[in-house]
1. Within the stretch 41-60, take every residue that is more than 14 Å from E88 (Cβ to Cβ) and under 18 Å from the mean Cα position of the chain (by Cα) and give me the one that is surrounded by the fewest Cβ atoms within 10 Å (Cβ to Cβ).
2. Might you let me know whether the stretch 61-68 holds any residue that is acidic (D, E), out of contact with any helix residue (DSSP H, G or I) (no Cβ under 6 Å at 6 or more places or on another chain) and over 26 Å from L31 (Cβ atoms)?
3. At least 1 residues that are among the polar types (S, T, N, Q), in contact (Cβ under 8 Å) with a residue 60 or more places away in the chain and surrounded by 16 or more Cβ atoms within 10 Å (Cβ to Cβ) in each: list the helices (runs of 4 or more DSSP H) lying fully within the stretch 74-188 that qualify.
4. Do we have A195 as of a type outside the set (K, R) and crowded, with 20+ Cβ neighbours inside 10 Å here?
5. For the stretch 205-212, does any single residue satisfy the condition of being assigned to a loop (DSSP other than H, G, I, E, B), loosely packed, with under 10 Cβ neighbours inside 10 Å and touching a residue at least 60 places away in the same chain (Cβ under 8 Å)?
6. Say whether the condition of being part of a strand (DSSP E or B), within 30 Å of the chain's Cα centre (by Cα), acidic (D, E) and over 19 Å from D204 (Cβ atoms) is met by at least one residue in the stretch 240-255.
7. Scan the stretch 155-178 residue by residue and report those that are more than 29 Å from A254 (Cα to Cα) and of a type in the set (D, E, K, R).
8. Go through the residues of the stretch 136-151 one by one and say whether even a single one is farther than 17 Å from T85 by Cβ and more than 21 Å from the chain's Cα centre (by Cα).
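Readers should treat all values here as calculations from the given coordinates under stated rules, not as data from a laboratory. This is a predicted model, so every value here is computed, not measured. Backbone-built Cβ (ideal geometry, glycine too); neighbour counts: all protein chains shown.
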Amino acid sequence: MRAIGELGAGREPGLADVVAGFRAADEQRSLQYRIAGIVLTRGPGGLAAEWAALAGPMWRAEVVSEIEQALDLWVDEGTVDLVLTALEDPSRDVRAKAVWALVAIVRDIPERERRSARTDVARRAITARDTLLGWLTPARRSRASQRLVAMIREHRQEPYPVLSQIVEVLGYCAESDDGDARQALESLRSVSGEAFHVTHEAVDESKLDWRERLVAQRKGIPADRIRARIVHRPTGLLDQKVLLAALERIRARAPRP
């Protein structure tokens, strides 16, 4: 997807004929060539239009995941529509991958991170996210919110492993007067709390497992100097801080005119 993103940025339709001449050695390459042809001629928006017939759910999920990891090369308004289309996909796995892509677009970039961006790659990534976020119009935010609320309702029947990310993104997308979004988030209070129990345990050097020894070795710490370990045990609860932050963002958002 990085290579396709780089080719698509130039938007040279003639390259589509070159790609069409390639002979695919397997199913994965066949899909890649097809995606490249669509993006080169019609952009990411064309890919969104072809999404339902593009490939099976496993491949659609993989495509969304790879695009999310290369967003700095997919700076196009159609990319936002593509992510929203994936968010409405019949497959739960594809929808979950789309949530991660939205997280990458909407999550605040700390001012400290912006100031510390020294390389061209880092600055390009920040600019890409800012640009994509600018294309997340009120209409698109509403579209995302509706689907995210539906996913929270689905979570009651079959849990989503990305519930925390769903809540976070909804906090960035929902308007202050979106009663459905606020109600969906409020319904999660009973399953929220401390996401981890943190404990400190004394350890005997002879009982360290191989992973702990490997980490110590990589950090240059003699194993016999390790006296304690900090253990994070998941509670299975939604992180209450994430939930409250999402509700606060929605309340703080200016009412729509």
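1. M58
2. Checked against the condition, which is being acidic (D, E), out of contact with any helix residue (DSSP H, G or I) (no Cβ under 6 Å at 6 or more places or on another chain) and over 26 Å from L31 (Cβ atoms), the stretch 61-68 yields no hits at all.
3. 163-173
4. Details: of a type outside the set (K, R): yes; crowded, with 20+ Cβ neighbours inside 10 Å: no.
For A195, the condition - of a type outside the set (K, R) and crowded, with 20+ Cβ neighbours inside 10 Å - is not met.
5. No, that holds for no residue.
6. Looking through the stretch 240-255, none of the residues is part of a strand (DSSP E or B), within 30 Å of the chain's Cα centre (by Cα), acidic (D, E) and over 19 Å from D204 (Cβ atoms).
7. Answer for the stretch 155-178, where residues must be more than 29 Å from A254 (Cα to Cα) and of a type in the set (D, E, K, R): R156, E158.
8. Checked the stretch 136-151: no residue is farther than 17 Å from T85 by Cβ and more than 21 Å from the chain's Cα centre (by Cα).
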